[in-house]
Amino acid sequence: NSGIINYDIIDKLSKTLNADANSNVRLAALDLMSKYAQDSYVANTFLQSLVNQKDPLVQLGLIELLKHTNNPKLDDKLYALANDPTTFEAVKDQAYLILLNQNKL
């Protein structure tokens, strides 16, 4: 690992994360990308994925990574997930927990 982020690869992994039919493949893409979670481009990619992602396991993984990025747009996404009646209960709980821990509720 050279430490240099190849955004072309990040974009391809992002497409896999958002569109692959297999949740294990999506989780593997998330895992590969997670090494670069502090990069603002990657963090924004995660934020976009959180908006579109319907798989609860992937949503939880995204939330876990994003809570460490201090992205100001994250709160809105967490509120949206927490208030969406179709959101899986464990995902809602995690969104509430992060907002609560950051004194945003």
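See the values below:
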{"quantity": "Computed [θ] at 222 nm, helices only, for the chain once each DSSP H run of length n ≥ 4 contributes -39500 (n - 2.57)", "calculated": "-21500 deg cm²/dmol"}
{"quantity": "Degrees separating the helix 7-19 axis from the principal Cα axis of the chain, which is the longest one", "calculated": "50 degrees"}
{"quantity": "Nearest 10 degrees, 0 to 90: helix 89-101 Cα axis against the chain principal axis", "calculated": "80 degrees"}
{"quantity": "Contact order normalised by residue count of the chain, Cα under 8 Å, 6+ apart, percent", "calculated": "20 percent"}
{"quantity": "Tilt relative to the chain, helix 56-66 - C-alpha long axis, 0 to 90 degrees, to 10", "calculated": "80 degrees"}
{"quantity": "Whole-percent carbon and sulfur share, accessible surface of the chain, 1.4 Å", "calculated": "54 percent"}
{"quantity": "Mean accessible surface per residue for the chain, computed with a 1.4 Å probe while every protein chain stays in place, in Å²", "calculated": "59 Å²"}
{"quantity": "Global form of the stretch 1-43, assessed from the alpha-carbon gyration tensor, a/c cut-off 1.5", "calculated": "prolate"}
{"quantity": "Selected from 54, 73, 35 as most flexible by GNM, with the chain as the system and alpha-carbon contacts under 10 Å", "calculated": "73"}
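The values are calculated or read from the model by the stated rules, or taken from the named source; none is laboratory data. Here the structure is a predicted model, which is why all the values come from computation and not from measurement. Remember, those area values only see protein heavy atoms, side chains included, never the ligands or the DNA or RNA. Shrake-Rupley method; radii C 1.70, N 1.55, O 1.52, S 1.80 Å.
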